[in-house]
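One structure is given here, and the rest of the page talks about it.
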Amino acid sequence: MRQLLTAADFAVKSIEARESVRGFASPQMLVRYSEASSFGNLLAHLPVEFRPSAREVIGRALAALAAPDGTISQSSRRMVAIAVRR
């Protein structure tokens with residue numbers, strides 16, 4: 001990231017990885033969030049008629065990871081860069 005920013009004529013002030021955790025009421029809600037946050041691309045490679053069953057399969061797999069109350073969390077890491085154009 002530093003090399004890309006420098007090559008694009010930016011002065012890098014900081015680059016850091018930030019952790020985040022999102023909670024969902026159910027595995028199905030996590031699947032819906034994942035579809036929405038990927039602009040619909042999560043299952044776009046599948047024919048439309050297979051997508052509902054794919055959602056169910058993913059939901060069942062996620063249910064195995066859910067807390068006893070059915071909630072599930074998703075942790076992620078993102079890179080945040082602060083740079084100034086020279």
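The values are calculated or read from the model by the stated rules, or taken from the named source; none is laboratory data. Worth saying up front: this structure is predicted, and the values here are computed from it rather than measured. Every residue, glycine among them, receives a Cβ derived from its backbone with ideal geometry; neighbour counts consider all protein chains shown.
Just one of the listed residues (R51, R22) is of a type in the set (K, R) and either assigned to a strand (DSSP E or B) or at pLDDT below 95 (or both), and it is R22. Here region 52-80 is the region considered, the condition is being over 30 Å from K13 (Cα atoms) and in contact with a strand residue (DSSP E or B) (Cβ under 9 Å, 6 or more places away or on another chain), and the residue that is surrounded by the fewest Cβ atoms within 10 Å (Cβ to Cβ) is A67. Those residues that are surrounded by 11 or more Cβ atoms within 10 Å (Cβ to Cβ) and not polar (S, T, N, Q), I need them from region 29-51; list them, please. Passing the criteria: M29, L30, V31, R32, Y33, E35, L42, L43, A44, L46, F50, R51. Residue pairs whose Cβ atoms lie under 8 Å apart, separated by 6 or more positions or on different chains, with the first residue in region 21-49 and under 23 Å from A64 (Cα atoms) and the second among the β-branched types (V, I, T) and part of a loop (DSSP other than H, G, I, E, B), are G23/T71; F24/T71; A25/T71; S26/T71. Scan region 66-86 for residues that are within 22 Å of S20 (Cβ to Cβ), touching a residue at least 24 places away in the same chain (Cβ under 8 Å) and not in a strand (DSSP E or B) and the total you get is 3.
When restricted to residues that are assigned to a helix (DSSP H, G or I) and either farther than 16 Å from V57 by Cα or among the β-branched types (V, I, T) (or both), region 34-46 contains 2. Filter region 1-37 down to residues that are of a type in the set (G, A, S) and closer than 22 Å to A81 by Cβ and give me whichever is nearest to the chain's Cα centre (by Cα). Applying the filter and picking the extreme gives S37.
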